[in-house]
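The values are calculated or read from the model by the stated rules, or taken from the named source; none is laboratory data. These numbers come from a predicted model, not from an experiment. For neighbour counting, all protein chains shown are included, and Cβ atoms are generated from backbone atoms with ideal geometry for every residue, glycine included. For the accessible areas, the whole protein counts, side chains as well, though only heavy atoms, and no ligand, DNA or RNA atoms are used. Shrake-Rupley method; radii C 1.70, N 1.55, O 1.52, S 1.80 Å.
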Amino acid sequence: MKKITTFLVLVPFFIFGQTHSIDNKNLEASGLPSNFDITKNTFYNAFDTCAISWVVINDSIPLQWDVSFCFPTCFPIGVISGQNIFMPSDKVFINGHFYPNSFAGEGFMQMEITTNLIQKDTITWYGIASEISSIESLFFPENMQMMQIFDMNGRLVNQFQKGKIFIVRTNKNTYKTIYIL
């Protein structure tokens, strides 16, 4: 009778839990060229202790514009990197500021966040500074129509109010952010 030998090979494997989340990684901010700054924020949510570093990896803005960041400390214009440690359950403010300096235009900036030397996340801010003279001029091509109007708190509204920013859903199921003069 032949003896059968069985070998059990144990292969180690690691399970990595999610250490954090970011509420929104694509942000759009809009306003007038005369605004001091145009800004939008999101949050970094730590589920575990997180050692982070961040750096601006890409930007394309008009020459007259400046940018700055808060994560969670607000840094002066020109600071393009930083680091910090967040504790479990921390909800940390991340903010990108465009300073149009009275010049119309649009641009973007991207921040890469590295968590615990391993995980990388990219947050992109799109900024628009424009003088909007009429609502109709926003919608191209001509076959676009407004379907719903929302205020900045996400509430459905029936009409525009001067001096406020609104989000409009079109018949093409796209969204436009507008400022009413």
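If you filter the stretch 31-67 down to residues that are open to solvent by less than 30 Å² (accessible area, probe 1.4 Å) and either free of Cβ contacts under 8 Å to residues at least 12 places away in the same chain or touching a Leu at 6+ places or on another chain (Cβ under 9 Å) (or both), you find that the one that is farthest from K91 (Cα to Cα) is L32.
In this structure, is S53 over 14 Å from M111 (Cβ atoms) and either at pLDDT below 95 or not aromatic (F, W, Y) (or both)? Considered against the rule, which asks whether it is over 14 Å from M111 (Cβ atoms) and either at pLDDT below 95 or not aromatic (F, W, Y) (or both), S53 comes out as no.
May I ask you to say which residue of N84, N95 is touching a residue at least 40 places away in the same chain (Cβ under 8 Å) and open to solvent by 10 Å² or more (accessible area, probe 1.4 Å)? So that I can check it myself, show each step before the final result.
On the way: N84 fails: touching a residue at least 40 places away in the same chain (Cβ under 8 Å).
Only one candidate passes the filter, namely N95.
I'm trying to understand the selection: among the residues of the stretch 56-70, which are farther than 23 Å from P33 by Cα and at pLDDT below 95? The answer is none; no residue qualifies.
Looking only at residues of the stretch 130-165 that are in a strand (DSSP E or B) and modelled with pLDDT under 80, we find that the one that is surrounded by the most Cβ atoms within 10 Å (Cβ to Cβ) is M146.
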